[in-house]
Amino acid sequence: MGGETPKKKSVSRAQKAGLVFPVSRIGKSLKKDGRTKRVAAGASVCLGATLEYLCAEMVEIAAQRCQKDKRKRITPADIVATLRADSELHKLTGGLTLSAGETMRKISQQLKPAATAAAAAAGQTEEE
């Protein structure tokens, strides 16, 4: 009776894998999704590691962009610019629309107000 061993402290799967992302939550999400009946135990670890790597890559590039502009905060516009500037990330997130930080590059002349369109036309004739 005196030889009881103390209980070991539980270690999460994320800690075992050396990840910051919550592996158990990702596994629950995969199971709840319903696309498949069975999910392998290592699938959530692999997906968590992939997501963590992609996030770290995006934040690193956005931080470099901010340091170059001598700013200290990463804004949503920096994340969007990072996704568009890096060819591999742009390919991965090709059809993705981010509501925060996304700006329209070209505005059609038909959508502009009449006064702005007239002023733009007058400005073009003066330059020529």
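Yes/no matrix, rows are residues, columns are (1) out of contact with any Pro (no Cβ under 8 Å at 6 or more places or on another chain); (2) surrounded by 13 or more Cβ atoms within 10 Å (Cβ to Cβ); (3) hydroxyl-bearing (Ser, Thr, Tyr):
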site: Arg13; (1), (2), (3): yes, yes, no
site: Ala17; (1), (2), (3): yes, yes, no
site: Phe21; (1), (2), (3): yes, yes, no
site: Arg25; (1), (2), (3): yes, no, no
site: Ser29; (1), (2), (3): yes, yes, yes
site: Lys37; (1), (2), (3): yes, no, no
site: Leu51; (1), (2), (3): yes, yes, no
site: Ile61; (1), (2), (3): yes, yes, no
site: Arg71; (1), (2), (3): yes, no, no
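Using the structure shown, decide if Gln109 is modelled with pLDDT of 90 or more and of a type outside the set (D, E, K, R). Here the answer is no, as Gln109 does not meet what is asked. Can you find even one residue in the range 78-97 that is of a type in the set (A, V, I, L, M), modelled with pLDDT of 75 or more, exposed (fewer than 12 other Cβ atoms within 10 Å of the Cβ) and touching a helix residue (DSSP H, G or I) at 6+ places or on another chain (Cβ under 8 Å)? There is at least one residue in the range 78-97 that is of a type in the set (A, V, I, L, M), modelled with pLDDT of 75 or more, exposed (fewer than 12 other Cβ atoms within 10 Å of the Cβ) and touching a helix residue (DSSP H, G or I) at 6+ places or on another chain (Cβ under 8 Å).
Among the residues of the range 53-73, write down those that are of a type in the set (Val, Ile, Thr) and over 20 Å from Val20 (Cα atoms). Walk me through it before giving the result.
Residues of the range 53-73 of a type in the set (Val, Ile, Thr): 59, 61.
Residues satisfying the conditions do not exist here.
Residue-wise test of (1) assigned to a helix (DSSP H, G or I); (2) of a type outside the set (Lys, Arg); (3) more than 21 Å from Thr93 (Cβ to Cβ).
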| site | (1), (2), (3) |
| --- | --- |
| Leu19 | no, yes, yes |
| Gly27 | yes, yes, yes |
| Leu30 | yes, yes, no |
| Lys37 | no, no, yes |
| Gly42 | yes, yes, yes |
| Leu51 | yes, yes, no |
| Cys55 | yes, yes, no |
| Glu60 | yes, yes, no |
| Gln67 | yes, yes, yes |
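The values are calculated or read from the model by the stated rules, or taken from the named source; none is laboratory data. Being a predicted model, the structure only gives us computed values, none of them experimental. Here Cβ is always computed from backbone atoms with ideal geometry, including for glycine, and neighbour counts include all displayed protein chains.
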